[in-house]
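Asks: Below you will find the structure I want to go over with you.
The values are calculated or read from the model by the stated rules, or taken from the named source; none is laboratory data. Note that the structure is a prediction, hence the values are computed from the model and not measured. Glycine also receives a Cβ, built like all others from the backbone with ideal geometry; neighbour counts cover every protein chain displayed.
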Amino acid sequence: MPSPPSRPPLLRWLRRILVGTAAAVGATVLILAGLACIPVGEKPLAYHPLPHLTYAQTVAAVRERIRMVSPEIRGECRGMMLEHGRVTPRAFVLMHGLSNCPAQFRRFGELLYRRGYNVVILRLPFHGEQNRLTNDWERLTAQMMLDAANNAVDVAGHLGKRVTVVGLSVNAVVGAWLAQNRADIDEVALFAPFLAPKWFRSPQVGPMGRLILRLPNRFLWWDEQKKANLGGTAYPRYPTHAIGQVMRISAEVLDQAALAPPECARILVVTTACDEAANAHLTDLLMSRWRRRAPEKLRAYEFPRELNVGHDFIDPTQPYQRIDLVYPKLLSLLGADASSRTSGETSRIRFSPPGKGPAPKALR
């Protein structure tokens, strides 16, 4: 029997390339899957309460902490405390978005202060530095974010008879963790919660978060065209590891909500139909789990699409901002509209753009 004709050299070469490529792809997939499934090795997320302090001791401690902030932090980006010199019926904790700083919430915080409430605006670690292209915040961890939030809640608990926490975007995820785990909070308001990028679904959040943290960190631009020329108080880029840390919190909150009701008394979720950043599927899933176990605790509101309200509907410097209609609605949802102003209370600070005007009382 004659032997079959041998394959042309080109076909043999292509076959070897395809087989080698398939093997490399398969090995890569297996490695990535292993990295996604192996725990990162960090300790479980936890809460470490501060010792109990009097009102005066709390104010003095916060003032000292702000005074000791590194000169590398921009003045308008330092943590803020707006306080009336006494315990108020409510105290608010305001938590800014990823890459931004307390200046994002200053104007909204002043409105709350005018209505007779004490207000704490926290600063996330590594945020608000003079160098807006800093690499420092690639070291930000989920535990650091929770520690900053829990610390601010403890402070607010000494400033108000009831505590309301407001978190924006990634700090809304931190707020969700607080809602799930702290019974001493009266209400947690989640503004445009960012639990994960839009294309992820619930089973992927934990593994993909671990995978992101296993891979080398990269800094990505918020706006590929403007890059470092992006205006406002936020950093113009973000580290992929920070997103992985946020997803670590998201995965834990989603798992907890599936097993137990939230510990806090009330939850408000505010979203916008024009949000191009947040994962609406995951937000809906979290709310459905809360509704199943504690329907009486949850309220939700969505800004309709025709209002063109973007993801960051708090920062007055955003070019798409609609604070003229957003702020009054948020104050109303929080029960802090004009009708709730404390009788006889007068404001001690002027209404001014972020970074200008007199400093809040705690910063003087």
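To keep it simple, each residue is scored yes or no on (1) closer than 18 Å to P102 by Cβ; (2) touching a Gly at 6+ places or on another chain (Cβ under 7 Å); (3) of a type outside the set (D, E, K, R); (4) outside any helix (DSSP H, G or I).
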position	(1), (2), (3), (4)
G157	no, no, yes, no
K161	no, no, no, yes
V165	yes, yes, yes, yes
G175	yes, yes, yes, no
A179	no, no, yes, no
I185	no, no, yes, yes
F194	no, no, yes, yes
P197	no, no, yes, yes
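Asks: Please go through (1) touching a Cys at 6+ places or on another chain (Cβ under 9 Å); (2) small (G, A, S); (3) in a helix (DSSP H, G or I) for G310 and return the number of the only condition it doesn't satisfy.
Replies: With respect to (1) touching a Cys at 6+ places or on another chain (Cβ under 9 Å); (2) small (G, A, S); (3) in a helix (DSSP H, G or I), G310 is out only on (3).
Asks: Next question. Just give me the residues in the range 285-295 being touching a strand residue (DSSP E or B) at 6+ places or on another chain (Cβ under 9 Å) and either free of Cβ contacts under 8 Å to residues at least 24 places away in the same chain or not aromatic (F, W, Y) (or both), in sequence order.
Replies: The answer is L286, M287, R291, A294.
Asks: Quick check on the range 227-246. Is at least one of its residues touching a Leu at 6+ places or on another chain (Cβ under 8 Å) and part of a loop (DSSP other than H, G, I, E, B)?
Replies: yes
Asks: Another one. Residue under question is E138, and the condition is that it be surrounded by fewer than 21 Cβ atoms within 10 Å (Cβ to Cβ) and either more than 28 Å from V326 (Cβ to Cβ) or within 15 Å of the chain's Cα centre (by Cα) (or both); does it hold?
Replies: Here the answer is yes, as E138 does meet what is asked.
Asks: For the range 225-266, how many residues are surrounded by fewer than 19 Cβ atoms within 10 Å (Cβ to Cβ), free of Cβ contacts under 8 Å to residues at least 60 places away in the same chain and under 24 Å from S288 (Cα atoms)?
Replies: Total satisfying the criteria: 4.
Asks: Being under 18 Å from A152 (Cβ atoms) and assigned to a helix (DSSP H, G or I) is the filter here; which residues of the range 54-75 pass it?
Replies: Once the filter is applied, which keeps residues that are under 18 Å from A152 (Cβ atoms) and assigned to a helix (DSSP H, G or I), the range 54-75 yields Y55, Q57, T58, V59, A60, A61, V62, R63, E64, R65, I66, R67.
Asks: Considering every residue within the range 271-278, establish whether at least one is at pLDDT 95 or above, of a type in the set (V, I, T) and under 24 Å from Q143 (Cα atoms).
Replies: The answer is no, given that none of the residues of the range 271-278 is at pLDDT 95 or above, of a type in the set (V, I, T) and under 24 Å from Q143 (Cα atoms).
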